[in-house]
Amino acid sequence: MGQSSILSQNLKVLYEDSQIIAVFKPHRVLTQADDTGDESLFEAVKAWIKTKYSKPGNVFLGLIHRLDRPAAGIVVFAKTSKAASRLSEQIRNHAFKKKYRTWVSKSLNPAKGSLVNYLDFNKQDRKALVYSEPKGDRQKAILNYQSIRSENGQYLLEIELITGRKHQIRAQLAALGSPIVGDKKYGAKDNYKEGVIALEACYVSFLHPTLKEMIEIKITEEESGIIGGFI
């Protein structure tokens with residue numbers, strides 16, 4: 001990817017210092033390159049840093065967490081190996097907090113609670129399977145949810161992700177019979193834009209890797225790309 005990348009030129013930077021950079025990932029954009037060859041956010045951020053600081057060599061960028069291609073929202077990268085190591089440790093220890101907002105087409109009862117399941121990701125179908133009991137390679141998946149409001153038969157939820165399993169939010173909500181709006185892979189009946197689901201990473205908080213102070217980055221409802229867009 002060159003410095004003329006459209007994605008890197010239009011990158012929305014939410015926070016940056018010498019150790020970390022947080023950016024907004026649009027819907028349909030890969031967090032990390034795959035075998036499709038499509039442009040990824042990871043490479044776009046590297047190109048943006050290289051251009052902004054006129055770096056002559058390779059740019060170091062640490063991938064800390066991912067966001068599914070059809071979803072949008074906050075993604076944090078490390079700009080140094082020390083920051084990458086310390087942030088990764090926070091994620092392993094569940095000290096890196098992540099919240100999401102999402103629209104679903106069926107209300108959850110109770111309106112506030114926790115979901116605990118065990119997930120097995122089927123690589124052939126690229127889909128997470130949800131179980132109630134641990135067995136074999138199944139990974140424990142925990143999230144907290146809260147219903148915010150309803151509009152025109154759809155329900156806005158806030159999700160606090162405790163574990164970060166692949167497709168976790170999508171699979172756990174679908175297992176309740178309440179898939180995310182637009183998520184045809186997990187059984188959604190709602191029609192929306194191709195390749196887009198109503199899921200947005202709207203909040204992260206973590207201990208700064210060197211300053212040792214808490215960093216909070218958020219996308220408000222007023223700034224959200226999914227508030228109102230799925231109604």
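Bear in mind these aren't lab numbers, they're just calculated from the coordinates by the rules spelled out. Worth saying up front: this structure is predicted, and the values here are computed from it rather than measured. Neighbour counts are summed over all protein chains in view; Cβ atoms, including those assigned to glycine, are modelled from backbone coordinates with ideal geometry.
What is the list of residues in region 198-213 whose amide nitrogen lies under 11 Å from a point 7 angstrom out from the Cα of Q90, following Cα to Cβ?
In region 198-213, the label zone of Q90 (backbone N under 11 Å from the point 7 Å along Cα→Cβ) covers 204-213.
What number, in percent, do you get for the relative contact order of region 132-191 if the mean sequence gap of Cα pairs under 8 Å and at least 6 apart is divided by its residue count?
It comes to 21 percent, rounded to a whole number.
How much length would be gained if the chain were fully extended between A111 and L211, taking 0.36 nm per residue of separation minus their Cα-Cα distance, in nm to one decimal?
Using 0.36 nm per residue and subtracting the Cα-Cα distance, I get 32.2 nm.
For region 149-217, run through the trypsin sites (Lys or Arg not before Pro) and keep only the ones in DSSP coil with at most 13 other Cβ atoms within 10 Å of their Cβ. Numbers along the way, then the final one.
Details: sites: R149, R165, K166, R170, K184, K185, K189, K193, K212; in loops: R165, K166, K189, K193, K212.
Here the sparse-neighbourhood loop sites are K189, K193, K212.
How far, in degrees from 0 to 90, does helix 41-52 lean away from the longest principal axis of the Cα atoms of the chain, to the nearest 10?
30
What does the charge dipole of the chain about its Cα centre add up to, to the nearest 20 debye, if the Cβ of each Lys and Arg holds +1 and the Cβ of each Asp and Glu holds -1? Walk me through the intermediate numbers first.
Details: 35 positive and 25 negative charges, 90 e Å.
For this selection, approximately 440 debye.
For a quick check, take a GNM of the chain with Cα springs below 10 Å and name the residue from E89, E221, E213 with the largest mean-square fluctuation.
Between E89, E221, E213, it is E213 that shows the largest mean-square fluctuation.
Run the numbers for K193 and E158: contour at 0.36 nm per residue of separation, minus the present Cα-Cα distance, in nm.
Roughly 10.4 nm would be gained on extension.
Counting helices only, and only those DSSP H runs with n ≥ 4, report the 222 nm mean residue ellipticity of the chain as the sum of -39,500 (n - 2.57) divided by its residues, in deg cm²/dmol to the nearest 500.
-4500 deg cm²/dmol
How big is D, in µm² s⁻¹, for the chain by Stokes-Einstein at 20 °C and 1.002 mPa s if Rh is the Kirkwood radius over C-alpha pairs?
So the translational diffusion coefficient is about 116 µm²/s.
If I model a spin label as a point 7 Å beyond the Cα along the Cα-Cβ vector, how far apart are those points for Y53 and S132 in nm?
5.2
Which percent, nearest 5, of DSSP beta bridges in the chain are antiparallel?
Antiparallel: roughly 95 percent of the beta bridges in the chain.
Between G195, G136, G182, which gets the highest mean-square fluctuation from a Gaussian network model of the chain, Cα cutoff 10 Å?
Among G195, G136, G182, the largest mean-square fluctuation in the Gaussian network model of the chain belongs to G136.
Report the extension gain between D120 and S150 in nm, rounded to one decimal, defined as 0.36 nm multiplied by the number of residues separating them, less their alpha carbon distance.
Working: separation 30, 0.36 × 30 = 10.80 nm, distance 3.13 nm.
Between D120 and S150, full extension yields 7.7 nm more.
Taking +1 at the Cβ of each Lys and Arg and -1 at the Cβ of each Asp and Glu, which of L11, A72, G136 sits farthest along the dipole of the chain towards its positive end, judged by Cα position relative to the Cα centre?
Checked the options; the winner is G136.
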